[in-house]
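Here the structure is laid out as structure tokens; the discussion comes afterwards.
The values are calculated or read from the model by the stated rules, or taken from the named source; none is laboratory data. On a predicted model such as this, the values are computed, not experimentally measured, just so you know. Counting neighbours? That spans all protein chains shown, and the Cβs are built from the backbone with ideal geometry, glycine included. When the accessible area is computed, the model is the full protein with side chains, heavy atoms only, and any ligands, DNA or RNA have been set aside. Shrake-Rupley method; radii C 1.70, N 1.55, O 1.52, S 1.80 Å.
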Amino acid sequence: MLRKADNSATFAVAAALGLFLIGGLLTTVVPPLVDKSWAKPFENHDPAKGPTGKLRPYTEQELHGRAIYVREGCWYCHTQQTRTLLADTKRSGWRGVDSPISTPDEFVYDNPHMFGTKRTGPDLSRVGGKYDTQWHRTHFRNPRDLVPGSVMPPFPWIANNESEFQALVAYLQTLGRAKNWRPDNDYER
Amino acid sequence: MHADRAAARAETPSAATVHSDAAAKWFLISAISYFFIVGIIAITIAAKFVWPELLGTVPYLSYGRLRPLHVNGMLFGWLLAADMGLTFYLLPRLCGVKLWSEKLGLATAALWNVIILGAVVALLGGWNQGLEYAELPLPLDILVVIAWVMFGVNVFGTIASRKYEQMYVSIWYVMGTVLWTAFVYLTGNFAVLFTTGVNQANLNWMYVHNAVGLIFTPVGLALAYYFIPKASNTPLYSHKLSMIGFWSLAFVYVWTGAHHMLHGPISQWLQTIAITFSVMLLIPVWAVVYNFFATMKGQWHQLRENVPLKFLMSGVVFYLLTCFQGPMHSLRSVNAIVSKTDWIPGHAHMAVLGAFSFFAIAGTYYVIPRIYRTKLHSEALANWSFWFIMMGGLGFFVTLWLGGFWQGWQWNNPSIPFIDTVVALKPVWTVRFFSGVLIFCGIVMFGYNIMATAIGARGEARQEA
């Protein structure tokens, strides 16, 4: 086979594509067919099976906020996944309660997905309901006013644009809320 | 015997065919310009880690918009354009014929510049698709596909009309690049648009990983396989080993996308497959690297004087290191520490800057004097450019690995507040910024040297006329 590929471009092309497509198809087309949880929105009413709740589609305002999150590249520094690591469930947790891990069924309506690859700032997968609107306004104007040492850029053009600001906060408050993980529902608005 | 023949091929002087190299020239000149311009953006965003308020009130110059411009500009504006230009140089020579169409090549170069300029406007305006490496909006994606088809036609047209029956290893790698890129790019920029959530992320990571693994790796290795024997005037050690490297790369690379989401919300079995194949990557990598080292046996002394060879062999070492890191941090235990930390940019920069950009810089230093039929403007300056980029690069990579590991350990101790892990990294980011300045100085020397060579050669030609 090797000798043949040496002299025949047609053979080389066919073999290179064939080998590539085996892995290509098995790792992209097949997984969503096998694992149905990738496409089925989260819904659980039985506390015995873990956190209850239901994933709902984004509202128009939340989608607008999400578009701003994409536009400003927030996702280059903030991941949105509480991984299966103890430290992640602690860090995504709040007021002494650990966060549930992220599951595929919580992200069915996410387009584009915002899982992220880099955590320059904290993970945001459970940030919804942790801080109120006034906190976010101050924070977007200058993050260092609330978190000394932060390297997050200021976003005055969002903080000063009421509709953009409200939309972005509305989106942020949805993050991680499909699962009702807070005891006593103590979410901020 | 096999190896001798193939190596002899790489050495065959193409005296019979006169190459115009116009397309190669224009790709290289524009690539170097973007290397310089995007280099400014690179040090700007590195500076923003040290001084977060820098340019903070201008939306168009905020970190979130400059970062994708840095990544896309370096990947497509500099590296892929340089790779295409160098392909247009080496492919006709390995085939013993002229490039199938210089005019088509020039049109491809022109279209490529339109794409890059469009990318600058789109990304600064915040017109971002929200998918890593696939930030460019749809109209530009379509132009990329058109440009790639034009490039592919030229490549396969040249190969189909070749005079030598046997194909040297660089030719397979170029063919592989053209074919795989087509599928990988379509997956990452078009197929993703029909999916959401984890399914989309899976396609996105397949693209992100293979943009490096099946675009920049094969074309980069095509360059290395051509320029290492050429620059050292030594035949390649083994043709057979190069085949093992190529065919195992073709099979193994594409499976690994899900290793970007280890421990994340994606099926465990898919993570395990990705890990298994990531570890198997050691096979193609070692086959390639061993071949290059064995080629240099008894020839290492040439590194003292030969600047292209310095870039090539340091690039090979960085390639080995980066491809050793990759499989290792795909292991769950290591991944739990380094994933999402500053280790990752350290790793990514070693692949794209340390390995593949080094190959492209070496190729450019090698071909520009030959294309313009003159001598390099300054060998001394070329040597300085190597040491600046090398020292800056090492400073960049090493501090980010150490810093990233440290950061990962801190994250795994939840009693340390997150902001303390940010503050702890500030010295690391400061060193990274100054390393970036060193790299940028090297880029300026490289660009100036090449431009001075090109312009000087033109001046001479005019005088003679």
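At-a-glance table
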quantity	calculated
One residue from B:Ala380, B:Ala424, B:Ala461 being among the hydrophobic types (A, V, I, L, M, F, W, C), open to solvent by 10 Å² or more (accessible area, probe 1.4 Å) and at pLDDT below 95	B:Ala461
So B:Gly126, is it surrounded by fewer than 20 Cβ atoms within 10 Å (Cβ to Cβ) and touching a residue at least 60 places away in the same chain (Cβ under 8 Å)	yes
Count of the stretch B:251-263 residues which are farther than 13 Å from B:Asn199 by Cα, of a type outside the set (A, V, I, L, M) and within 7 Å of chain A (Cβ to nearest Cβ)	4
Output for the stretch A:44-84, where each listed residue is charged (D, E, K, R) and in contact (Cβ under 8 Å) with a residue 60 or more places away in the chain	A:Lys54, A:Arg56, A:Glu62, A:Arg66, A:Glu72
Helices (runs of 4 or more DSSP H) contained entirely in the stretch B:1-115, each with at least 2 residues that are open to solvent by less than 10 Å² (accessible area, probe 1.4 Å) and at pLDDT 95 or above	B:22-50, B:63-72, B:81-95
Test: B:Gly395 is part of a helix (DSSP H, G or I) and modelled with pLDDT under 95	no
Top-ranked residue in the stretch B:443-464 [being in contact (Cβ under 8 Å) with a residue 40 or more places away in the chain and small (Gly, Ala, Ser); ranked as nearest to B:Gly393 (Cα to Cα)]	B:Gly447
Residues being under 22 Å from B:Gly220 (Cβ atoms) and either part of a helix (DSSP H, G or I) or of a type in the set (Phe, Trp, Tyr) (or both) - total across the stretch B:155-183	20
Residues (surrounded by fewer than 12 Cβ atoms within 10 Å (Cβ to Cβ), small (Gly, Ala, Ser) and within 30 Å of B:Gly176 (Cα to Cα)) located in the stretch A:1-54	A:Gly18
So B:Ile142, is it within 30 Å of B:Ser238 (Cα to Cα) and in a helix (DSSP H, G or I)	no
Given (1) more than 7 Å from chain B (Cβ to nearest Cβ); (2) among the hydrophobic types (A, V, I, L, M, F, W, C); (3) under 21 Å from A:Ala167 (Cβ atoms), number of the condition A:Met152 does not satisfy	(1)
First in the stretch B:36-51 and closer than 15 Å to B:Leu124 by Cα, second anywhere and assigned to a loop (DSSP other than H, G, I, E, B), Cβ under 8 Å, 6 or more apart	B:Thr44/B:Leu54; B:Thr44/B:Leu55
So B:Phe434, is it touching a His at 6+ places or on another chain (Cβ under 7 Å) and part of a helix (DSSP H, G or I)	no
In the stretch B:276-290, residue most open to solvent (accessible area, probe 1.4 Å) [restricted to those that are more than 20 Å from the chain's Cα centre (by Cα) and not hydrophobic (A, V, I, L, M, F, W, C)]	B:Tyr290
Those residues of the stretch B:411-421 which are of a type outside the set (Ser, Thr, Tyr), assigned to a helix (DSSP H, G or I) and surrounded by fewer than 21 Cβ atoms within 10 Å (Cβ to Cβ), in sequence order	B:Phe418, B:Ile419, B:Asp420
B:Thr177 vs. criteria of a type outside the set (Asp, Glu) and either within 9 Å of chain A (Cβ to nearest Cβ) or surrounded by fewer than 23 Cβ atoms within 10 Å (Cβ to Cβ) (or both)	no
Residues of the stretch A:132-154 satisfying the condition of being β-branched (Val, Ile, Thr) and either open to solvent by 50 Å² or more (accessible area, probe 1.4 Å) or in a loop (DSSP other than H, G, I, E, B) (or both)	A:Val147, A:Val151
Any chance B:Val289 is modelled with pLDDT under 95 and either within 11 Å of another protein chain (Cβ to nearest Cβ) or assigned to a helix (DSSP H, G or I) (or both)	no
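So that you can scan it fast, the table gives a plain yes or no per residue for (1) touching a residue at least 24 places away in the same chain (Cβ under 8 Å); (2) within 21 Å of A:Val70 (Cβ to Cβ):
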{"residue": "B:Ile116", "(1), (2)": "yes, no"}
{"residue": "B:Pro137", "(1), (2)": "no, yes"}
{"residue": "B:Asp141", "(1), (2)": "yes, yes"}
{"residue": "B:Val145", "(1), (2)": "yes, no"}
{"residue": "B:Val155", "(1), (2)": "yes, no"}
{"residue": "B:Val184", "(1), (2)": "yes, no"}
{"residue": "B:Thr196", "(1), (2)": "no, yes"}
{"residue": "B:Asn199", "(1), (2)": "no, yes"}
{"residue": "B:Trp205", "(1), (2)": "yes, yes"}
